[in-house]
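Everything on this sheet refers to the single structure shown next.
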Amino acid sequence: MKRMMIGLGALVLAASPALAGRDQIRIVGSSTVYPFTTAVAEAFGKATGMKTPVVESTGTGGGMKLFCAGAGEDTPDFTNASRAMKKSEFETCVKNGVAEVVEIKVGFDGLSIAQSKAAKPFGLTKTQLFLALAKTIPDKDGKLIANPNKNWSDIDPALPATKIEVLGPPPTSGTRDSFAELVMEKGAEGIESLAALKKADAKAFEAVWKAMREDGAYVEAGENDNLIVQKLQANPDALGIFGYSFLEQNEATLSDIPVDGVEASYDSIANGTYKVARPLFIYVKKGHADSIPGMKEFIAEYVSDKALGEDGYLADKGLVTLPADQAGASRKAALSLEPLQADSLK
Amino acid sequence: MSSLNAQNPTLRRRRAAEARFRRYGAAALALTSLFLAFLIIDIVGKGWPAFVEHRVELPVTLDSRKLAEKNYDGLIKDAIFARFPEAQSRGQRKAVLALFSHSAEQALAAQLAEAPAAAGQTVKAEVLLSDTADLHLKGLSHLADPAAIDALTARLPVTAHFSWRFFSHGDSREAEEAGIRGALIGSLLTVAVALGLGLIFGVAAAIYLEEFAPKNRLTDIIEVNINNLAAVPSIIFGLLGLAVFLNAFGLPRSSPLVGGLVLSLLVLPTIIIAARAALKAVPPSIKEAALGVGASEHQAVFHHVLPLALPGILTGAILGMARAFGETAPLLMIGMVAFIADVPGSISDAATVLPVQIYLWSDLPELAFRSKTAAAIMVLIAVLFAANALAIYLRNRFERRW
């Protein structure tokens, strides 16, 4: 027994050098930004010879929680986010002693709606997507009824007479939140009676565009975008919603469905004409910049032209980079570590 | 006689029922074999490309200035463009460069460090092709514009090799460079910690409960709770690990030490239950004989009962280990679901494990990661198979029947 205790003590001692001082950057956050931050982490490790940063895939919300849990070596230095930091999250940060947070906008993530190349191509508007996927839609008199549309042609006779079947992410996914805000809300606003409802009762309006169909027309196909891609390849009648980089990788088998007449492409997302896109961020704990080795070099690598430029390696990985003017501003803010102000947040 | 039996309706029914039952059994077996065969064929079919890589022998002329500046990237690019004189526009040059892996410059640096060459000389560098070019050559996915790759195969010898890199490299975001060494070592370290602690505490608890503990209400409650613990969802152990090992003890996040501690809690009930059953199966006469010739209780257990129960305990340990090898959920909580490029060297370094690596690769957009995912599954199955085979061998060797 005594020997066992000594053994256990030795085990804890063996681990203690790691506690003495961290020399490895730790990053948490969004699984959407993960493929990009990991590429930077690897390039940083190779270029500087320092330990490659550890990048955890925790989701945006989970990352914010860890990031704002406090300052010090046992908390992460960066968090990835597929949306801007919320005011409430910033307040938690400040309360826990993380007063200075630097926001770096790194690019855009387009959400594409696609189908198998075997199917006949067609386009949709946001309002049509809303009418196909919302749980309740207004009838002719503006009264809310359970969505009766079975085929695309029920919405508009010009659309194909195939069953509405859309594979998309589940409610736990940030992609789903973005889809609801970028497509469903905008689509609902395009209907007169709902636009009136928005003015009269914003909460009731929100409930309408946030609720997706549960009768089989919208299929929650899991967080894994590759899975949706494979299901689309097998089922030519179905549509899928997933990140643009997955469409780019599977252009041989999938074709894009233009939304409001605009196709999802690198250029249309970058110049803002394709509206179903969201900005991506990384957040930096400024207080760690001096104590954790390599932080400044890592930021410099992230915003360098080699990574974030139009022909940088992040663009090769599927990130839609910022237009030149925004990129310059983002780079300047990142390198000077300009802290975030509370009143700029929502 | 037989004609008499054949006319007996009860007997005929019983025989028919028996034949039917056998057919059901055989059908169930055939169905499960079919599923297994389907799974394995699917995984092997998807995974084999990850074990093959394409390389090209590129003659690199060592420009004196670039060599002095250690600009290996520039040397490689010059050598590539020298072979593609027609690539003048930016788009064409990009398409040509996209055929080669980014690892080329490090490979050249390593090669020159090992065998230095003077400026002006021409050395042959083995350059890995990029994941997209590699998939094109394997016929799995075609490049949008095959002109560049066709020119490459016509001008330089492109050869296929077994990808040792897959076993010798850690994770990478470049699909052609990504390997499972980091995850495999992380898995081994984690399971070693889990099994070490799980065996020590599990066997100690089992011996105490089986041989020494008084039979009363308290030990009954403990016994019921151990059985319950075996059925607790694994994520709960992750939350426990987060609260206790990371927050209270301050052990390093993402480390195999913490992963092993959490998984040891997970496998503990399995080991205790199996060890108790093994101890119970040792005939009481052995212990009584030892006590009869004057051994103390402690001596009887450790010298006679425990060695005879070891094969059974081993079985429990294997079951526990198999579970620990395949677990991902509790590791999410303690930060092991992460991109970790460096191969861990000790139990306190950041590490990930095989099932987590599979999960992370399955979520990446690059097509080449699809075969990496399946290949990692093959490796995980092979590791489990080897561990099981070893344990079965050990058990058969030491097992004793009464």
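Does B:A151 count as touching a Gly at 6+ places or on another chain (Cβ under 9 Å) and surrounded by fewer than 17 Cβ atoms within 10 Å (Cβ to Cβ)? Can you show your working first?
Values: touching a Gly at 6+ places or on another chain (Cβ under 9 Å): no; surrounded by fewer than 17 Cβ atoms within 10 Å (Cβ to Cβ): yes.
Criteria not met by B:A151.
Would you check which residues across the range B:292-301 are without any contact (Cβ under 8 Å) to a residue 40 or more places away in the chain and surrounded by 14 or more Cβ atoms within 10 Å (Cβ to Cβ) and list them?
Selection gives B:A295, B:A300.
Conditions tested, residue by residue: (1) in contact (Cβ under 8 Å) with a residue 60 or more places away in the chain; (2) polar (S, T, N, Q).
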residue	(1), (2)
B:T328	no, yes
B:L332	yes, no
B:L354	yes, no
B:A382	no, no
B:R395	yes, no
B:R400	yes, no
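Do you know which residues across the range A:67-81 are more than 8 Å from chain B (Cβ to nearest Cβ) and in contact with a Lys or Arg (Cβ under 9 Å, 6 or more places away or on another chain)?
Kept after step one, since they are more than 8 Å from chain B (Cβ to nearest Cβ), are these residues of the range A:67-81: A:67-73, A:75-81.
Those that are more than 8 Å from chain B (Cβ to nearest Cβ) and in contact with a Lys or Arg (Cβ under 9 Å, 6 or more places away or on another chain): A:F67, A:C68, A:A71, A:E73, A:T75, A:P76, A:D77, A:F78, A:T79.
Does the range B:114-136 contain at least one residue that is among the aliphatic types (A, V, I, L, M), more than 18 Å from B:P157 (Cα to Cα) and buried (at least 16 other Cβ atoms within 10 Å of the Cβ)?
Step one: of the range B:114-136, the residues among the aliphatic types (A, V, I, L, M) are B:115, B:117-119, B:123, B:125, B:127-129, B:133, B:135.
In the following step, the residues that additionally are more than 18 Å from B:P157 (Cα to Cα) were identified as B:115, B:117-119.
Now drop any that are not buried (at least 16 other Cβ atoms within 10 Å of the Cβ), which leaves none.
For the range B:114-136, residues among the aliphatic types (A, V, I, L, M), more than 18 Å from B:P157 (Cα to Cα) and buried (at least 16 other Cβ atoms within 10 Å of the Cβ): absent.
Does the range B:39-58 contain any residue that is modelled with pLDDT of 90 or more, loosely packed, with under 11 Cβ neighbours inside 10 Å and out of contact with any Pro (no Cβ under 8 Å at 6 or more places or on another chain)?
Yes - at least one qualifying residue is present in the range B:39-58.
If B:I271 passes every condition in (1) modelled with pLDDT under 90; (2) assigned to a helix (DSSP H, G or I) but one, which one does it miss?
Among (1) modelled with pLDDT under 90; (2) assigned to a helix (DSSP H, G or I), the lone unmet condition for B:I271 is (1).
State all residues of the range A:233-265 that are among the aromatic types (F, W, Y) and outside any helix (DSSP H, G or I); if no residue qualifies, say none.
Applying the first criterion (among the aromatic types (F, W, Y)) to the range A:233-265 yields A:242, A:244, A:246.
Scanning the range A:233-265 gives a single hit, A:F242.
Mind counting the residues in the range A:199-232 that are assigned to a helix (DSSP H, G or I) and surrounded by 19 or more Cβ atoms within 10 Å (Cβ to Cβ)? Show your work before the answer.
Taking the range A:199-232 first, the residues assigned to a helix (DSSP H, G or I) are A:199-200, A:202-210, A:225-232.
Add one more test, that the residue is surrounded by 19 or more Cβ atoms within 10 Å (Cβ to Cβ), and what stays is A:205, A:208-209, A:225-226, A:228-229, A:232.
Of the residues in the range A:199-232, 8 are assigned to a helix (DSSP H, G or I) and surrounded by 19 or more Cβ atoms within 10 Å (Cβ to Cβ).
Applying the selection to the range A:275-306, what residues are over 30 Å from A:E263 (Cα atoms) and of a type in the set (K, R)? So that I can check it myself, show each step before the final result.
Initially, the range A:275-306 is screened for residues over 30 Å from A:E263 (Cα atoms), giving A:283-301.
Hits for the range A:275-306 are A:K285, A:K286, A:K296.
Pairs under 7 Å by beta carbon, first residue facing chain B (nearest Cβ under 7 Å) in the range A:30-52, partner among the small types (G, A, S) and part of a helix (DSSP H, G or I), six or more apart or different chains?
Every condition considered, the pairs that remain are A:K51/A:G45; A:T52/A:A41; A:T52/A:G45.
Which of the helices (runs of 4 or more DSSP H) found entirely inside the range B:303-396 contain at least 3 residues meeting this: touching a helix residue (DSSP H, G or I) at 6+ places or on another chain (Cβ under 8 Å), surrounded by fewer than 22 Cβ atoms within 10 Å (Cβ to Cβ) and more than 10 Å from every other protein chain (Cβ to nearest Cβ)? Give the derivation first.
On the way: elements: B:306-326, B:329-333, B:354-362.
The helices (runs of 4 or more DSSP H) meeting that bar are B:306-326.
If I go through the range B:157-166 residue by residue, how many of them are surrounded by fewer than 15 Cβ atoms within 10 Å (Cβ to Cβ) and either in contact (Cβ under 8 Å) with a residue 40 or more places away in the chain or not assigned by TED's automatic domain parsing to the domain that holds B:V127 (or both)? Write out each step before concluding.
Quick first cut of the range B:157-166, residues surrounded by fewer than 15 Cβ atoms within 10 Å (Cβ to Cβ) only: B:157, B:159-162, B:164.
So of that shortlist, the ones also either in contact (Cβ under 8 Å) with a residue 40 or more places away in the chain or not assigned by TED's automatic domain parsing to the domain that holds B:V127 (or both) come out as B:157, B:159-162.
Within the range B:157-166, residues that are surrounded by fewer than 15 Cβ atoms within 10 Å (Cβ to Cβ) and either in contact (Cβ under 8 Å) with a residue 40 or more places away in the chain or not assigned by TED's automatic domain parsing to the domain that holds B:V127 (or both) number 5.
I need a count of the residues in the range A:139-155 that are farther than 20 Å from A:G240 by Cβ, surrounded by 15 or more Cβ atoms within 10 Å (Cβ to Cβ) and either of a type in the set (V, I, T) or modelled with pLDDT of 90 or more (or both).
So the answer is 1.
Please find, within the range A:236-250, the residue that is farthest from B:P365 (Cα to Cα) out of those that are within 14 Å of chain B (Cβ to nearest Cβ) and not aromatic (F, W, Y).
Taking the range A:236-250 first, the residues within 14 Å of chain B (Cβ to nearest Cβ) are A:240, A:242-250.
Checking the rest, the ones that are also not aromatic (F, W, Y) come to A:240, A:243, A:245, A:247-250.
Working: A:G240: 15, A:G243: 9, A:S245: 6, A:L247: 9, A:E248: 9, A:Q249: 7, A:N250: 9 Å.
That would be A:G240.
Name every residue in the range A:96-118 that is in contact with a Leu (Cβ under 9 Å, 6 or more places away or on another chain) and part of a loop (DSSP other than H, G, I, E, B), in order of residue number. If you could, list the steps in order and put the result at the bottom.
At the first step, the residues of the range A:96-118 found to be in contact with a Leu (Cβ under 9 Å, 6 or more places away or on another chain) are A:100-103, A:105-117.
Within the range A:96-118, A:E100, A:K117 meet the criteria.
Which of the residues that make up the range B:64-99 are assigned to a loop (DSSP other than H, G, I, E, B) and loosely packed, with under 13 Cβ neighbours inside 10 Å?
Applying the first criterion (assigned to a loop (DSSP other than H, G, I, E, B)) to the range B:64-99 yields B:69-71, B:84-89, B:98-99.
Within the range B:64-99, B:E69, B:K70, B:P85, B:E86, B:Q88, B:S89 qualify.
List the helices (runs of 4 or more DSSP H) inside the range A:131-196, counting only whole elements, that have at least 2 residues being over 30 Å from A:S57 (Cβ atoms) and in contact (Cβ under 8 Å) with a residue 24 or more places away in the chain. Reasoning before the result, please.
Values: elements: A:152-155, A:174-179, A:186-189.
Once the helices (runs of 4 or more DSSP H) in the range A:131-196 are filtered for at least 2 residues that are over 30 Å from A:S57 (Cβ atoms) and in contact (Cβ under 8 Å) with a residue 24 or more places away in the chain, what remains is A:152-155, A:186-189.
Mind telling me which of the residues A:T60, A:T48 ends up being surrounded by fewer than 22 Cβ atoms within 10 Å (Cβ to Cβ) and hydroxyl-bearing (S, T, Y)? Working first, answer last.
Working: A:T60 fails: surrounded by fewer than 22 Cβ atoms within 10 Å (Cβ to Cβ).
Only one candidate qualifies: A:T48.
Quick one: is A:T172 closer than 30 Å to B:A368 by Cβ, assigned by TED's automatic domain parsing to the domain that holds A:F130 and of a type in the set (S, T, Y)? Walk me through how you get there before you give the answer.
Values: closer than 30 Å to B:A368 by Cβ: yes; assigned by TED's automatic domain parsing to the domain that holds A:F130: yes; of a type in the set (S, T, Y): yes.
Judged against the criteria, A:T172 is a match.
Looking at B:L184, is it in contact with a Ser or Thr (Cβ under 6 Å, 6 or more places away or on another chain) and outside any loop (DSSP other than H, G, I, E, B)? Even if it seems obvious, please write down each step before you answer.
Details: in contact with a Ser or Thr (Cβ under 6 Å, 6 or more places away or on another chain): no; outside any loop (DSSP other than H, G, I, E, B): yes.
Here the answer is no, as B:L184 does not meet what is asked.
Give the range B:167-208 a look and list any residue that's β-branched (V, I, T), surrounded by 22 or more Cβ atoms within 10 Å (Cβ to Cβ) and within 12 Å of the chain's Cα centre (by Cα), or say none.
Within the range B:167-208, B:I180, B:T190, B:V191 qualify.
All but one of (1) assigned to a helix (DSSP H, G or I); (2) closer than 15 Å to B:E211 by Cα; (3) touching a helix residue (DSSP H, G or I) at 6+ places or on another chain (Cβ under 9 Å) hold for B:A295; which doesn't?
(1)
The values are calculated or read from the model by the stated rules, or taken from the named source; none is laboratory data. From a predicted model like this one, the values you see are computed outputs, not experimental measurements. In this analysis, Cβ positions are derived from the backbone assuming ideal geometry, glycine residues included, and neighbour counts consider all displayed protein chains.
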